[in-house]
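Asks: Below you'll find the structure I mean.
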Number of protein chains: 2
Amino acid sequence: MRARVHVTLKPGVLDPQGKAIAHALEALGFDGVADVRQGKYIEIDLEDGGSGEGNAGAAEARVSEMCEKLLANTVIENYRVEIDS
Amino acid sequence: MRARVHVTLKPGVLDPQGKAIAHALEALGFDGVADVRQGKYIEIDLEDGGSGEGNAGAAEARVSEMCEKLLANTVIENYRVEIDS
């Protein structure tokens, strides 16, 4: 079972990395770029038998807990979890 | 118009950042994690009138070019572009 996690900065939080990308794109001649935001994308392969949880709902809860504890800084970041079974 | 870009390491390319996450999860007591891969997630807001291109197909081509030239290292990374109109 695979979990796909997106960690993105909350709206309003300054994103210097995104700004740098936007400026670099402009310098390369790409016009019409209004804004760029960079986040993280994490793929987690879960063993199906892990913790005896067999269903997507339980896996989603477990990965959300991973986000809360490690993957995201919830003060400034949002996260989104999707489960591919 | 918003483009969402995923940049991921190609299969077989070593991912020390993903390995570090996997070890950290294990240290926190999350078992059943077989593998972790970390990539980048980039949201690009495009001005609708940019370069006179009004349709999603043209925007996708333009963002793919951005990936080739700046956002991804195509030697070791794959990218995927999605357009929300």
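The values are calculated or read from the model by the stated rules, or taken from the named source; none is laboratory data. Not measured: the values here are computed from a predicted model. No Cβ is skipped: glycine too gets one built from the backbone with ideal geometry, and neighbour counts run over all protein chains shown. Accessible surface areas use protein heavy atoms only, side chains included; no ligands, DNA or RNA. Shrake-Rupley method; radii C 1.70, N 1.55, O 1.52, S 1.80 Å.
Asks: Please state, rounded to one decimal and in Å, the Kirkwood hydrodynamic radius that the protein assembly as shown gives when every pair of distinct Cα atoms enters the mean of 1/r. Numbers along the way, then the final one.
Replies: On the way: mean 1/r = 0.0583 Å⁻¹.
In the protein assembly as shown this quantity evaluates to 17.2 Å.
Asks: Near the axis that takes chain B to chain A, which B residue has its beta carbon closest, and at how many Å?
Replies: Checking which Cβ lies nearest the axis yields B:41, 2.
Asks: Tell me which of B:78, B:27, B:7 sits at the most positive position along the dipole axis of region B:2-84, charges placed on C-beta atoms (Lys, Arg +1; Asp, Glu -1).
Replies: B:27
Asks: Placing the label point 7 Å from Cα along the Cα-to-Cβ direction, what are the distances from residue B:84 to the equivalent spots in the other copies, shortest first, in nm to one decimal?
Replies: The projected label point of residue B:84 is separated from its counterparts by 2.0 nm.
Asks: Further, regarding this structure: Can you tell me which lysines have their Cα less than 21 Å from the Cα of residue A:19? Leave out same-chain residues fewer than eight positions away.
Replies: Of all the lysines, those that pass the test against residue A:19 - Cα under 21 Å, at least 8 places apart if same chain - are A:10, A:40, B:40, B:69.
Asks: Using the 7 Å Cα-to-Cβ label point, sort the distances from residue B:60 to its equivalents in the other copies shortest first and give them in nm to one decimal.
Replies: Taking the point 7 Å beyond Cα along Cα→Cβ, the inter-copy spacings are 2.7 nm.
Asks: If you filter chain A for GluC sites (Glu not before Pro), then keep DSSP loop positions with at most 11 other Cβ within 10 Å, what is left?
Replies: none
Asks: I need the Kirkwood Rh of chain A: take the reciprocal of the average 1/r across all distinct C-alpha pairs and report it in angstrom.
Replies: 14.6 Å is the Kirkwood radius here.
Asks: Moving to a separate point now. Hey, what's chain B come to in accessible area per residue, 1.4 Å probe, Å²?
Replies: With all protein chains present, chain B gives 51 Å² per residue.
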